[in-house]
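Asks: Dumping the structure here so I can ask a few things about it.
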Amino acid sequence: MPMNLLSNFKIVLLLFIAASVKAQKISIDIAAVRNQSLQLHGVNASVFYHFTEQFSAGTELNRFFAAPKEKQGEVIYLSAWDFDINLHYYLPVSKRIILYPVLGISYSSEKEESKSSSEKNHRKYFNSGAGIIWNTKNIKPHLEYVLANSRKTEQLVLAGITIEFDLGK
């Protein structure tokens, strides 16, 4: 099953690259991210292609650092990786504030380690949420709240900066 997901990812990535030739802007984001459901902290890195002033699509990678948890009386260390493909549609509220809905898909790999064992779980999620951007010239702070829905729903909160590059100049 992971190979099928990898093949699908390659196809989507090629489509993004082909479509990006017409993109007006590209943005690179770096953020702190927290998985509220699993109580994990991490970092987020992403690249978005802005096809118009209002629409962008991009890939995101989240790394959640190992944190101690108790499971069945034993201390385990839980960590995770997420790979996302998300769409944003920007809705200017004022000159400085932009709101946007988030829709996308995610693939997550969680790892539980203890002294006696190690276990990995993989899941696919559907992402939905919203974000807000403080619209400055090229470096833009942003906040995002996303629900990742699968067999269980996880809540993610993200705060970071976006750096935009104009490809038309």
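Asks: Residues K120, K115: which one is assigned to a loop (DSSP other than H, G, I, E, B), surrounded by fewer than 16 Cβ atoms within 10 Å (Cβ to Cβ) and among the charged types (D, E, K, R)?
Replies: K115
Condition check ((1) touching a residue at least 60 places away in the same chain (Cβ under 8 Å); (2) touching a Leu at 6+ places or on another chain (Cβ under 6 Å); (3) under 18 Å from Q54 (Cβ atoms)) across all residues:
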{"residue": "H88", "(1), (2), (3)": "no, no, yes"}
{"residue": "V93", "(1), (2), (3)": "no, yes, yes"}
{"residue": "P101", "(1), (2), (3)": "no, no, yes"}
{"residue": "H122", "(1), (2), (3)": "yes, no, no"}
{"residue": "Y125", "(1), (2), (3)": "no, no, no"}
{"residue": "G131", "(1), (2), (3)": "no, no, yes"}
{"residue": "Y145", "(1), (2), (3)": "no, no, no"}
{"residue": "K152", "(1), (2), (3)": "yes, no, no"}
{"residue": "I163", "(1), (2), (3)": "yes, no, no"}
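Asks: Right, next: Sort through L61, L91, L40 and tell me the only one that's exposed (fewer than 15 other Cβ atoms within 10 Å of the Cβ), among the aliphatic types (A, V, I, L, M) and over 18 Å from W134 (Cα atoms).
Replies: Every option except L61 fails the conditions.
Asks: Moving on to the next point. Would you check if there is a residue in region 20-32 being among the basic types (K, R), exposed (fewer than 15 other Cβ atoms within 10 Å of the Cβ), in contact with a Ser or Thr (Cβ under 9 Å, 6 or more places away or on another chain) and without any contact (Cβ under 8 Å) to a residue 60 or more places away in the chain?
Replies: The answer is no; no qualifying residue exists.
Asks: Let me ask you something else. Answer yes or no as to whether I76 is assigned to a strand (DSSP E or B) and more than 14 Å from V146 (Cβ to Cβ).
Replies: So I76 fits the description; yes.
Asks: What is the one condition in (1) at pLDDT below 95; (2) charged (D, E, K, R); (3) surrounded by fewer than 17 Cβ atoms within 10 Å (Cβ to Cβ) that E110 does not satisfy?
Replies: With (1) at pLDDT below 95; (2) charged (D, E, K, R); (3) surrounded by fewer than 17 Cβ atoms within 10 Å (Cβ to Cβ) applied to E110, the lone miss is (3).
Asks: From the list S7, S27, S20, which residue is of a type in the set (S, T, Y) and either within 17 Å of the chain's Cα centre (by Cα) or modelled with pLDDT of 95 or more (or both)?
Replies: When all the criteria are applied, what remains is S27.
Asks: Next question. Does E53 satisfy being over 16 Å from the mean Cα position of the chain (by Cα), part of a strand (DSSP E or B) and at pLDDT below 95?
Replies: no
The values are calculated or read from the model by the stated rules, or taken from the named source; none is laboratory data. None of the values given here were measured: they were computed from a predicted structure. Cβ coordinates were reconstructed from backbone atoms using ideal geometry, including for glycine residues, and neighbour counts include every protein chain displayed.
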